[in-house]
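Notes for the one structure printed next.
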Amino acid sequence: MATRVIEGAEAWSATGEGDRARVGIAVVHGFTGNPNSTRPLAERLHRDGYTVEVPLLPGHGTTVKELSRTRYGDWRGAAEAVLDDLRGRCDQVVLVGLSMGGTLCLDLAGARPEDVAGVVAINAQLLQPDQLLAKLAPLLQHVVPVVPRDLAGLPSDDIAKPGADERAYPSVSAKAAQSLIRELPRIRARLEQADVPMLVAYAPQDHTVPARNSRAIIELVRGADVTELVLERSYHVATLDYDAELLEDAVVAFVERVTGV
């Protein structure tokens, strides 16, 4: 029997209208999260006419046990499959990602810049995490397979706006998390070569993925077309926070500019 998907965590797809239907946009959620966090932004993009795909990454949106069976390669493969699908149906593709979703989008842009018209990275992880538990993860993953998210450096209070909830997992698979951390040096190295327009959005008060990660992205791609958006009123899950409308407007403007549609 298939594991039941958390309410609202289902993958979502919508074909656009008019000229903008030929622009495909993937909106990718983060580690332990699901489309509950990315669908509002995706729906806004679709209302503006674009074709949108919101994937549910393997191991997410169900149970931590399912997450523990997956690794970074599984999540990257799923994101790349969405990119391939949109490339087959649309003239141009923009990748939008929140947190690890942003990391995945940066990874794909670094590997396949010719297939990507632009990238939006929202509070994306790029640097090695500095929490003690993360530093000990290579050893602890074999001893403590699952840890509470707060101990793993993923605070449960990751949205400033009262009542907002992304319905992320309350705990974290250590091995799954370590598979992401191991890939970060490779992603940074490749990103330096990426000449793809980017919108880098971040919250200075994000206590899940510190803002220095986004500043590092801007520094690494300094020769590229980079737009910086500071989300002063939000925490990590900015797509559901006080700055959601500001962020949505900025993403629509960015997509319109880099695609010309």
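For the reader, a short list of remarks on this structure follows.
- Filtered residue count, the range 32-48, keeping only those that are assigned to a loop (DSSP other than H, G, I, E, B), crowded, with 22+ Cβ neighbours inside 10 Å and over 12 Å from the mean Cα position of the chain (by Cα): 1
- Each residue in the range 187-210 was checked for being touching a residue at least 24 places away in the same chain (Cβ under 8 Å) and either surrounded by fewer than 16 Cβ atoms within 10 Å (Cβ to Cβ) or outside any loop (DSSP other than H, G, I, E, B) (or both), and 15 of them qualify.
- Qualifying residue in the range 155-176 (condition: among the basic types (Lys, Arg) and outside any loop (DSSP other than H, G, I, E, B)): yes
- Leading residue by the ranking (surrounded by the fewest Cβ atoms within 10 Å (Cβ to Cβ)) among those in the range 10-31 that are in contact (Cβ under 8 Å) with a residue 40 or more places away in the chain and in a loop (DSSP other than H, G, I, E, B): 10
- Boolean, residue 102 is in contact (Cβ under 8 Å) with a residue 24 or more places away in the chain and of a type in the set (Gly, Ala, Ser): yes
- Positions within the range 88-100 being in a helix (DSSP H, G or I), touching a Gly at 6+ places or on another chain (Cβ under 8 Å) and either modelled with pLDDT under 95 or closer than 15 Å to residue 21 by Cβ (or both), in sequence order: 89
- Checklist (1) assigned to a helix (DSSP H, G or I); (2) surrounded by fewer than 24 Cβ atoms within 10 Å (Cβ to Cβ) applied to residue 105, failing item: (2)
The values are calculated or read from the model by the stated rules, or taken from the named source; none is laboratory data. Given the structure is predicted, the values throughout are model-derived calculations rather than measurements. Note that each Cβ is placed from the backbone with ideal geometry, even for glycine, and that neighbours are counted across all protein chains shown.
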